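Down below is the structure, laid out as structure tokens.
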Amino acid sequence: MTTIPSLGYSIEIGDLLQGSLSKLLSEEFSTRKKVIICDENTHENCVPYLTTSIDELANAEIIVLPAGEENKILEICAQVWEALSEYKIQRNDIILNVGGGMITDIGGFVASIYKRGVDYMNIPTSLLAMVDASAGGKTGIDLGVYKNQLGLFSTPLLVVCDNIFLGTLPDEELLWGKAEMLKHGLIQSKEHWLNLKTKPAKDITIEDIAASVAIKNEIVKADFKEENVRKGLNFGHTIGHALEGFFLEQDKKAHGHCVAWGIVAESLLAAKFGTLPMEEFKEIFAHIQSEYPQIKLEPDNLTHLIELMKHDKKNNSKRINFTTISTIGVSHIDQAFSEKQIQEVLQELFIAH
């Protein structure tokens, strides 16, 4: 078990039965109600392991949400709040969010708003959630096609990342998680990037996961409210979120897929109009292209994508803000590019020639 101290809580990476989860539930919440929030997939594949392995969860109330990013919306939150009221959940009870990033995002948001804040823990079950949502204290939901427009900073009591749950995932979902890990390497650790390049997503180890979590956690601890260095974690996400929002309207493409190609696009911006050496861009492009299916767009999609970028919550004034890299392992925040430059890159990467 690897334990990474964060801001008032710990992130435990390893066998959850060997960590502090059971003890915390039995000692601090022995007489309190427990609620598990999950989705249809984790209800079938993950929750039974928890409720049969941890005595304190045997009688937990279970709220099952429909799976998919399109359900990370206020209407679903309202239904969960109504269910919590029906279960007579009070401020001293505990909520456990068991699932991918969609569940930890919405579950944390629900817990933080209900009765002005109920304690919660996160048990991320996807690789993406383990390396991304486990550290940072961000909760949130989408507003239409705009990602994470409603939310707040709120930390859980505990996060437990147990790779036993990764065995329930298709290879494709492991690949989406790897995209976030590649980002961690590109912005801060060339060694991490080079290590991840050598292995397919299915061969990522618990040590690799811990390394990615540690990178993100150190950045978050230095800048919890994302006023400075934490913006570096947005590398690949300005264009990635726009792609995700665009495809969400058509019920296509996952977060990790869009972030992977967002990384490529924002690297090309840095290579063409910044200081990233073109050879390093080619290295990044070659690896992403080898693992992630090419995204293809029509010319008239580009204006819509830029409009989606303008709604990105990281922007200020009329600028579209980016994090870029000057070399693999070194990032720079608050980099602005013109719409013409952005269109040029999108055209080069995503429009068939």
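The values are calculated or read from the model by the stated rules, or taken from the named source; none is laboratory data. On a predicted model such as this, the values are computed, not experimentally measured, just so you know. FYI the Cβ positions are ideal-geometry reconstructions off the backbone, even for glycines, and counts take in every protein chain you see. These accessible areas exclude ligands, DNA and RNA; they are computed on the full protein's heavy atoms, side chains included. Shrake-Rupley method; radii C 1.70, N 1.55, O 1.52, S 1.80 Å.
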Worksheet entry | Student exercise, the chain dipole from Lys, Arg, Asp, Glu Cβ charges, in Debye to nearest 20 | 940
Worksheet item: chymotrypsin sites (Phe, Trp or Tyr not before Pro) within the range 51-160: which are DSSP loop residues with at most 13 other Cβ atoms inside 10 Å?
Response: Y87
Item to complete: Could you list which residues have their amide H under 5 Å from that of D39, counting only those 5 or more apart in sequence or on another chain, with H placed in the peptide plane?
Response: L65
Discussion item. Give the separation of the Cα centroids, the range 256-309 to the range 45-65, in Å.
Written reply: 41
Worksheet entry | Dipole of the chain, positive direction: furthest Cα of T303, G19, W261, with charges on the beta-carbon | T303
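Treat every Asp and Glu Cβ in the range 68-150 as -1 and every Lys and Arg Cβ as +1, leave all other atoms uncharged, and give the resulting dipole magnitude about the Cα centre to the nearest 20 debye.
Values: 7 positive and 10 negative charges, 61 e Å.
The dipole magnitude comes to about 300 debye.
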Worksheet item: How about K88: which lysines have a C-alpha closer than 28 Å to its C-alpha, ignoring those fewer than 8 places off in the same chain?
Response: K23, K33, K34, K72, K115, K138
Worksheet item: Relative contact order, percent, of the chain when contacts are C-alpha pairs under 8 Å separated by at least 6 residues?
Response: 15
Worksheet item: Among [x] 157; [y] 140; [z] 122, which one is volume of the Cα convex hull per residue in Å³ computed from these coordinates?
Response: [z]
Worksheet item: If one computes P(r) from the Cα atoms of the range 44-195, what percent of pairs lie at distances over 25 Å?
Response: 30
Practice prompt. State the answer as a single residue: which of G117, S85, A60 lies farthest towards the positive end of the charge dipole of the range 50-124, with beta carbon charges of +1 for Lys and Arg and -1 for Asp and Glu, about the Cα centre.
Written response: G117
Fill in: Estimated [θ] at 222 nm from DSSP helical runs (n ≥ 4, -39500 (n - 2.57)) normalised by residues in the chain, nearest 500
-13500 deg cm²/dmol
Worksheet item: Taking +1 at the Cβ of each Lys and Arg and -1 at the Cβ of each Asp and Glu, which of G101, F29, N41 sits farthest along the dipole of the range 1-112 towards its positive end, judged by Cα position relative to the Cα centre?
Response: F29
Worksheet item: Counting other Cβ atoms within 10 Å, which trypsin sites (Lys or Arg not before Pro) in the range 259-297 have at most 15 and lie in a DSSP loop?
Response: K296
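Which percent of the accessible heavy-atom area of the chain goes to carbon and sulfur, probe 1.4 angstrom?
48
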